[in-house]
Amino acid sequence: MAGMVIDATGSGMYLPLSLLFFHHVTGLPLERVGVIMSAAALLSLVSNPIAGVLVDRFGARTVVVGGYLVRAVGFATYPLVESPVAMFLAVALVALGDGSYPPSIQSFVAAIAQGADRDKLLAAQRSLRNAGLGAGGLIAGAALGLGSDAAYRGIVLVSAAGFVGAALILRTIPVPRAEVRTGTTARRKGGYRLILRDRTFLVLTLQNVPTAFGYMVLSVALPVYVTQELSASASLVGVLYAVNTVGIALLQIPVTRRLIRYRRTRTAAFGAAVFSVSFVAFAVLAGIPVQSVQLVGVFAATALFTLGEMLHGAPLSALVSSAAPEETRGRYMAVYQFSWAIPTALAPAVLTALLSLSVTSMWLLLAVGVACSALTLVRLEPRLPAQAVHPHVPAVPETREEQARETVGM
């Protein structure tokens, strides 16, 4: 958990810190800095499947620690950047480390925690990540507000040291024997071809795409919707973001503790349904002429959105990691991560295009898509392993040949 806090705080500082650091230090226009950062960020899509292979070959802990160290080196090279090419290489290192994190940390959590403990640890990760992202943004803003070269260089070096600290912390966590044996088994049994034949897992991955677009609403669509459609102050956007971030940081763990008695598929589906209701509420608000009603309604809809996120996120992560076979879990998690990475990359273009066409239609389209995801989760339940669906069912080792026969049978 300490390592997760450091990781989230560093991630919270990354984007605002990088944009303003390189603009200030190198004198490059912000637009050019943004283009270089976007180009480097594409590498995170490449590092995702590579990380899956590395997890299965060398173990999840090794890849998590390696990702921390790669980001530490990237931040440490920031003060040395003097040209666009050097900037691209420095940012690319950080992007590679970022891209390796989701599949490796989910695999690592699955390796060190079983059953309901896995749900609790994933809930703690989500809670701490929200708190760390907020803290990182505040730290970066405060340091960059000083406007001096020393402050800029100091904050990036502190970030680098923080990732080294996170690597040292996670390196001390004992690794189960199964994690040590993962590499030999993965090389013998194969990887991505088996996943492409696992239709149940592919459907489980694809159903998350509409919901992943829904998650991006808070940072992409909501600011435009609040300021342009509801004619509210831009400061309201920050307040709504705080409602979501603080709510998850404070409530995710106690909410998850109450949810672990239920099936993960049903809990995640219920969370998606709450998402859908919140989007319908946002759609209705656009047609209400009374501004005071709109103000109350947007807070209520944001609270529903936050509740849906708490109900959906941790149970679905535990469901997916528990549905993946142990010997190729890294690659399974890498494939699943594309259901987040691709919507995250496309959301700014897709959601803003939908907003320009019709605000109400955008919200209703999101509501329908997320509702379909909820229905798909429920319908997948009989085809998923019992230990994946039920937090309190002990995991039963299953050979790859048995899984392949079951997949073909489906």
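The values are calculated or read from the model by the stated rules, or taken from the named source; none is laboratory data. Given the structure is predicted, the values throughout are model-derived calculations rather than measurements. Because the Cβ atoms are built from the backbone with ideal geometry, glycine has one as well, and the counts that use them run over all protein chains shown.
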Having 3 or more residues that are more than 20 Å from A2 (Cβ to Cβ) and at pLDDT below 65 is the bar; report the helices (runs of 4 or more DSSP H) wholly within region 142-201 that clear it.
177-189
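This table checks each residue for (1) touching a Lys or Arg at 6+ places or on another chain (Cβ under 8 Å); (2) outside any loop (DSSP other than H, G, I, E, B); (3) surrounded by fewer than 23 Cβ atoms within 10 Å (Cβ to Cβ).
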position: F22; (1), (2), (3): no, yes, no
position: E31; (1), (2), (3): no, yes, yes
position: A40; (1), (2), (3): no, yes, yes
position: V73; (1), (2), (3): no, yes, yes
position: P79; (1), (2), (3): yes, yes, yes
position: E82; (1), (2), (3): no, no, yes
Looking only at region 214-253, count how many residues are in a helix (DSSP H, G or I) and under 19 Å from the mean Cα position of the chain (by Cα).
17
Quick check on my filter: what residues within region 210-228 are surrounded by fewer than 17 Cβ atoms within 10 Å (Cβ to Cβ) and in contact (Cβ under 8 Å) with a residue 24 or more places away in the chain?
V224
Does P102 fit the bill of being within 15 Å of the chain's Cα centre (by Cα) and surrounded by fewer than 23 Cβ atoms within 10 Å (Cβ to Cβ)?
yes
Scan region 278-295 for residues that are without any contact (Cβ under 8 Å) to a residue 24 or more places away in the chain and either closer than 15 Å to Y225 by Cα or not in a helix (DSSP H, G or I) (or both) and report the count.
5
Filter region 254-268 down to the residues that are crowded, with 16+ Cβ neighbours inside 10 Å and part of a helix (DSSP H, G or I) and list them by number.
V255, T256, L259, R264, T265, R266, T267, A268
Quick check on region 45-65: of everything there that is in contact with a Ser or Thr (Cβ under 7 Å, 6 or more places away or on another chain) and in a helix (DSSP H, G or I), which residue is farthest from D7 (Cα to Cα)?
D56
